[in-house]
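Take a look at the structure below.
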Amino acid sequence: MQSPRWITLAEIVTISMLTAAAFSRAQDPAPPAPPPPPTGQSSSSSKPQKQQYGHANDFLIIGTVFDPKGYAFPGVELKIRRSTDKKYRWDSYTNSRGDFAVRVPQGSDYEMVVHVKGFADQTRPVGAKTGVSEARIVFRMEPAVGEKK
């Protein structure tokens, strides 16, 4: 049985209007988010909020290690500790070009040791208490005493 054409046309118009209304609601900007709770109050969750760490207050130690002939020295071990500590807390190695970069917190004095087998260890103080945010250091490794040159 066929329905009259005016009923089919009315159904198409109704569907078109509903689609247009849904589309226009989707285009409306979202309502603004509620403001965060003031900082002295705890949120409703029982978990303490984890503080995000940023590198804004870090001190960057950058440098290069060279061999006795003046070539880049890859694979040299670097160890860094606070001057007041006994244990080394940060360690790294030089890359294929002999370069290194290590981030440490600002506000302390540090001691840096470079070590590679067959060469004398070298130690340098690094002051991170100044207003500067980085230090550049260059090491030139020397053969250990009793080793061939």
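Details
- Near ALA144, the amide H atoms lying under 5 Å from its own belong to PHE119, ALA120; only residues 5 or more places off or on other chains count, and H is placed 1.01 Å from N.
- Solvent-accessible area per residue for the stretch 106-149 (1.4 angstrom probe, square angstrom): 67
- Of the solvent-accessible surface of the stretch 48-146, computed with a 1.4 Å probe and all protein chains present, 49% belongs to carbon and sulfur.
- Rolling a 1.4 Å probe over the protein chains gives ARG82 an accessible area of about 50 Å².
- Here the stretch 50-149 carries DSSP beta bridges of which approximately 80% are antiparallel, counting only pairs with both residues inside.
- In the assembled protein chains, TYR93 presents an accessible area of approximately 130 Å² (probe radius 1.4 Å).
The values are calculated or read from the model by the stated rules, or taken from the named source; none is laboratory data. Everything quoted here is computed from the prediction, not taken from an experiment. Side chains included, ligands, DNA and RNA excluded: accessible areas come from the protein's heavy atoms. Shrake-Rupley method; radii C 1.70, N 1.55, O 1.52, S 1.80 Å.
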